[in-house]
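These notes concern the structure reproduced below.
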Amino acid sequence: MDIRKLQRLVVDALEDVKGQDIVVYNTVELTSLFDRVVIVSGTSNRQTRALASNVRDKVKAAGGEVLSIEGEDTGEWVLVDFGDLVVHVMQPAIRAYYNLEEIWGGKPVRLKRAASPAARD
């Protein structure tokens, strides 16, 4: 699946479940393991699990492959690995503590917003 299409699917799925502070980082220049990192906050264990589940289901429905999901049992930090794109669904305190934004770059991918939420870069 094209990375931009995958990115759009993931961001749309996170917005569907009211994910907060969604950022996308282009990691092509930083690692050969994946091309994008998405970080999002959920307000509770239940919401972080729901965010991860919705992302998994939407990508699978579009023909994408989920390589693994880690952390669903606690829900504090759920990682969803799609190969070229990795999603970190975190509660705000965990997100602040680990500060992944500092690791993955200073400049997030700009999410273009048009008339419809589906039009993203």
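The values are calculated or read from the model by the stated rules, or taken from the named source; none is laboratory data. Small disclaimer: the values here were computed from a predicted structure and weren't measured. Counting neighbours? That spans all protein chains shown, and the Cβs are built from the backbone with ideal geometry, glycine included.
Exactly one residue out of Val38, Val23 is surrounded by 14 or more Cβ atoms within 10 Å (Cβ to Cβ), touching a His at 6+ places or on another chain (Cβ under 9 Å), hydrophobic (A, V, I, L, M, F, W, C) and outside any loop (DSSP other than H, G, I, E, B): that is Val38. Given the criteria closer than 12 Å to Val87 by Cα and touching a strand residue (DSSP E or B) at 6+ places or on another chain (Cβ under 6 Å), does Val24 qualify? When the stated conditions are applied, Val24 passes them. Scanning the range 63-97 for residues that are assigned to a helix (DSSP H, G or I) and touching a residue at least 12 places away in the same chain (Cβ under 8 Å) turns up Pro92, Ile94, Arg95. Kindly evaluate Leu67 against the criterion of being under 16 Å from Leu6 (Cα atoms) and at pLDDT 95 or above. For Leu67, the condition - under 16 Å from Leu6 (Cα atoms) and at pLDDT 95 or above - is met. Flag set for Val109, criterion: modelled with pLDDT under 90 and farther than 17 Å from Met1 by Cα.
Checking Val55, Val17, Val59 one by one, the residue that is more than 20 Å from Glu102 (Cα to Cα) and without any contact (Cβ under 8 Å) to a residue 40 or more places away in the chain is Val17 and no other.
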